[in-house]
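To start, the structure itself, in structure tokens.
Bear in mind that the values in this text are calculations on the coordinates, not laboratory data. These numbers were taken from a predicted model, which means no experiment stands behind them. So basically every Cβ, Gly included, is an ideal-geometry build from the backbone, and we count neighbours across all protein chains shown.
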Amino acid sequence: MSIVYRSSARRGQIWQDWLAEHAPDLPFYQWPETGDPLQVRYLVTWEIPENLMALFPNLEVIFSVGAGADQFTPAQVPAGISVVRMIEPGLMNDMAAYITFSVIGLHRDMPRYLQQQQQQLWLKHEAVAAERCHVGILGLGNLGQASARVLTSLGYTCSGWRRSEKSVPGVSSYFGDDQLPAFLKQCDILVCLLPLTDLTRGILNRSLFAQLPDGAGLVHAGRGQQLNHQDLLDALDSGKLRHAVIDVTDPEPLPADHPFWQHPSLWLTPHIASETHPESSVKVLLDNIRRHQQGQTMKGLIDMQRGY
Ligand code: NDP
Ligand code: OXD
């Protein structure tokens with residue numbers, strides 16, 4: 001029974017060394033090495049290789065190296081193969097830090113102060129207390145909840161929107177499409193941490209922006225295809241939205257002449273909000289493999305029909 005890993009060599013080496021010590025019964029190969037293909041039960045990858053089952057006829061589980069698994073289409077995943085995404089503390093902490101940095105930046109008017117610096121202008125603006133700044137998180141899953149925990153600890157008033165009717169302490173929860181308008185109308189800063197599915201593709205659009213308070217901020221770290229670029233530009237240019245922090249786009253990277261690069265009301269980062277940490281994630285991988293070997297449910301199992 002072996003693992004094949006097909007992603008960054010640096011992380012792969014750290015995993016290989018750690019697994020050699022803690023799970024010597026599980027041979028680990030870095031692609032293009034595979035060992036005996038008939039022994040491969042676990043594939044860790046960002047993209048599914050062509051002819052998957054011809055390569056590894058006894059494969060049982062595909063692990064995404066990231067938190068998202070939208071890069072795998074149902075057609076690519078043969079029947080009977082489980083797909084698991086990464087839920088690990090390093091990713092969660094880094095995302096919470098990115099979202100917190102962005103929310104504080106918008107709440108504390110940093111885009112305006114940075115502009116004032118360019119103008120050599122020393123001018124204070126009235127500050128709004130954190131409790132009066134309402135942050136709404138689209139997608140109250142692992143990363144959304146990790147972000148909400150840090151934001152509420154700093155005094156922000158947080159709410160979240162998700163599909164299932166599960167509440168989170170300290171966060172007002174809204175569920176499903178019916179409750180989306182009520183959720184949106186109180187968001188001074190809207191954060192998107194939704195997975196990409198058929199239901200969330202294009203969700204950040206003109207009609208959604210229209211339901212936010214005038215002058216709201218946007219922080220988008222979900223997936224590029226969730227955002228309509230022209231609708232965002234229109235909302236920023238009209239003042240409907242005051243500022244946006246965008247970590248994910250479609251395509252990535254954007255072409256050189258894309259207006260996001262130069263827009264004064266937009267901060268753009270190159271999909272760096274969060275990344276799987278080699279040291280913490282390998283423990284999660286091994287825990288999941290042991291669960292699988294013992295017939296237990298793995299953490300982060302994807303429902304391919306639901307899309308996340
Ligand atoms: P989770 O699956 O834990 O959370 C997803 C959340 O979205 C859940 O709360 C889910 O609701 C909600 N949701 C999904 N579809 C809908 C819908 N149609 N309507 C309402 N709510 C919905 O995922 P994570 O928190 O781990 O990750 C979220 C996403 O963050 C990833 O899929 C990826 O796209 C992105 N990401 C971005 C990174 C970056 O660097 N920019 C890094 C890592 C991830 P429910 O709880 O009811 O299931
Ligand atoms: C992920 C990502 O899904 O980096 O982990 O976007």
(request) Have a look at the DSSP beta bridges in the chain and tell me what percent are antiparallel, nearest 5. (result) 5 percent
(request) Per residue of segment 184-196, in order, report the coupling 6.51 cos²θ - 1.76 cosθ + 1.60 (Karplus, θ = phi - 60°) as ³J(HN,Hα) in whole Hz, putting x for Gly and Pro. (result) 5, 5, 10, 8, 6, 10, 9, 10, 10, 10, 8, x, 7
(request) Determine Rg/Rh for segment 88-247; Rg is computed over alpha-carbon atoms and Rh is the Kirkwood hydrodynamic estimate from the same atoms. (result) 0.96
(request) Let me know the volume per residue of the alpha-carbon convex hull for segment 51-131, in Å³. (result) 173 Å³
(request) Could you pull out every residue, at least 5 positions away or on a different chain, whose amide H is within less than 5 Å of the one on W46? Hs are placed 1.01 Å off N in the peptide plane, and Pro or chain starts have none. (result) V65
(message) If you take every residue apart from L123 with its C-beta less than 14 Å away from the C-beta of L123, what net charge results, scoring Lys and Arg +1 and Asp and Glu -1?
(response) 0
(request) At a Cα cut-off below 13 Å, give the aspartates and glutamates reachable from K124, other chains included and same-chain residues fewer than 8 away excluded. (result) D109
(request) Only Lys, Arg, Asp and Glu count, each charged at its Cβ (+1, +1, -1, -1), so figure out the dipole size of the chain about its Cα centre, rounded to 20 debye. (result) 660 debye
(request) Could you list which residues have their amide H under 5 Å from that of V191, counting only those 5 or more apart in sequence or on another chain, with H placed in the peptide plane? (result) G136, I137, L138, V219
(request) Please give every one of the lysines within straight-line cross-link reach of K166, meaning a C-alpha to C-alpha distance under 27 Å, and leave out same-chain neighbours fewer than 8 residues apart. (result) K185, K299
(request) Quick one: angle between helix 229-238 and the longest Cα principal axis of the chain, in degrees between 0 and 90, rounded to 10, please. (result) 20 degrees
(request) Within the set of other residues whose C-beta is less than 13 Å from the C-beta of M95, count the net charge using Lys and Arg as +1 and Asp and Glu as -1. (result) -3
(message) Sorted from largest to smallest, which semi-axis lengths in Å does the alpha carbon gyration tensor of segment 121-184 give for its equivalent ellipsoid, taking the root of 5 times each eigenvalue?
(response) 26, 14, 9
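Net charge around M298, counting only other residues with Cβ within less than 12 Å of its Cβ (Lys, Arg = +1; Asp, Glu = -1)? Don't skip to the answer; put the middle values down first.
Numbers: positive: R85, R290, R291, K299; negative: E60, D287.
Counting the neighbours of M298, the net charge comes to +2.
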(request) State the three equivalent ellipsoid semi-axes of segment 86-167, derived from the C-alpha gyration tensor as the square roots of 5 times its eigenvalues, in descending order and whole Å. (result) 29, 15, 9
(request) Within 10 Å of each residue's Cβ, count the other Cβ atoms and sort W15, W161, W261 from fewest upward. (result) W261, W15, W161
(request) As a check on your grasp of the helix formula, calculate [θ] at 222 nm for the chain: sum -39500 (n - 2.57) over DSSP H runs of n ≥ 4, divide by the residue count, round to the nearest 500. (result) -9000 deg cm²/dmol
(message) What percentages make up the Cα-Cα pair-distance distribution of segment 1-155 when the bins are 5 Å wide from 0?
(response) 2, 8, 13, 14, 12, 10, 9, 8, 7, 6, 5, 3, 2, 0
(request) Relative to the longest principal axis of the C-alpha atoms of the chain, give the angle of the C-alpha long axis of helix 89-107, reported between 0 and 90° and rounded to the nearest 10°. (result) 10 degrees
(message) Can you compute the equivalent ellipsoid semi-axes for the chain, i.e. the square root of 5 times each eigenvalue of the Cα gyration tensor, sorted largest first and rounded to whole Å?
(response) 39, 20, 19
(request) Would you kindly calculate the translational diffusion coefficient of segment 180-222, applying Stokes-Einstein with the Kirkwood radius from alpha carbon pairs, for 10 °C and a viscosity of 1.306 mPa s, and quote it in µm² s⁻¹ without decimals? (result) 147 µm²/s
(request) Identify which of A69, A182, A216 has the largest mean-square fluctuation in a Gaussian network model of the chain, with springs joining Cα atoms closer than 10 Å. (result) A182
(request) Select from L19, L114, L43 the residue whose mean-square fluctuation is largest in a Gaussian network model of the chain (Cα-Cα springs shorter than 10 Å). (result) L114
